[in-house]
Amino acid sequence: MGIKAPIYLFSKTPYEGVLHVPIIKINFLHVSVDLSKYDALVVTSKQALEALQRIDNNWKNIPIIAISQSTAKATQAMGAKLLHVSGGYGDNLYEDIGEKFSDLKILYPRAEIIVSNFSKKLKQEGVDIDEVIVYKTTCNDDIELTYIQESAVLAFSSPSAITCFMKKFTFKDTHKVVVIGTTTQKRLPLHVKSQLSAKTTMKSLIQSAKKLQL
């Protein structure tokens, strides 16, 4: 058997068994929100949960509509209550909230830059949903990595990870690329071929990356 190509994971958090490159970093914002007004919270990332923890510990008393299974697990691990687990994408949230929770007053704590407009679409259709920006993602300029092996497998966990990668590195024709979902895939340059992980989870992303190793 030949030597397996290394897997570089470009994400906020590491994963066992691969080379983690912290290409992005999270900056939590100081905001004030009256959570008592809301019947439910829409959560699309673990970072949103961490931001809520900094704002008001009472967020755990408000039922959570989680975008995916991984976000749902993080919600339960922090001691909060789950109302619903969606299918992993903004379009899923749009359909689920519109069909099942349109009578609730909902808060969507989110990143500064988002790729889905599900909240705007719901509001246009009369759903009582507010947004509050609780964190922003920026490129990490302090990473020490300067070279990526040309035979490597590159795994990306978010669109912002790809954006920050392209500010520092270049995609090679010899690189094999795997992304966590279709939204992330759309951020790739047109000439870069990629594969989707089976599910929108880090575990699935890494499993897919390992299948690309020689």
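The values are calculated or read from the model by the stated rules, or taken from the named source; none is laboratory data. As the structure is a prediction and not an experimental result, all values here were calculated from the model. Every residue, glycine among them, receives a Cβ derived from its backbone with ideal geometry; neighbour counts consider all protein chains shown.
Restricted to the stretch 1-28, and to residues there that are over 17 Å from Leu145 (Cα atoms) and out of contact with any strand residue (DSSP E or B) (no Cβ under 6 Å at 6 or more places or on another chain), the residue that is surrounded by the fewest Cβ atoms within 10 Å (Cβ to Cβ) is Met1.
The condition (being touching a residue at least 60 places away in the same chain (Cβ under 8 Å), part of a loop (DSSP other than H, G, I, E, B) and surrounded by 14 or more Cβ atoms within 10 Å (Cβ to Cβ)) is satisfied by just one residue among Leu41, Leu52, Leu104: Leu104.
Results for (1) touching a residue at least 24 places away in the same chain (Cβ under 8 Å); (2) out of contact with any Leu (no Cβ under 6 Å at 6 or more places or on another chain); (3) aromatic (Phe, Trp, Tyr), shown as yes or no for each residue.
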site	(1), (2), (3)
Gly79	no, yes, no
Glu99	no, yes, no
Tyr108	yes, yes, yes
Ile113	yes, yes, no
Asn117	yes, yes, no
Lys120	no, yes, no
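Here Gln76 clears all of (1) assigned to a helix (DSSP H, G or I); (2) surrounded by 15 or more Cβ atoms within 10 Å (Cβ to Cβ) except the condition numbered (2).
On the stretch given as the stretch 149-171, residues that are closer than 23 Å to Gln207 by Cα, part of a loop (DSSP other than H, G, I, E, B) and either polar (S, T, N, Q) or modelled with pLDDT under 95 (or both) total 5.
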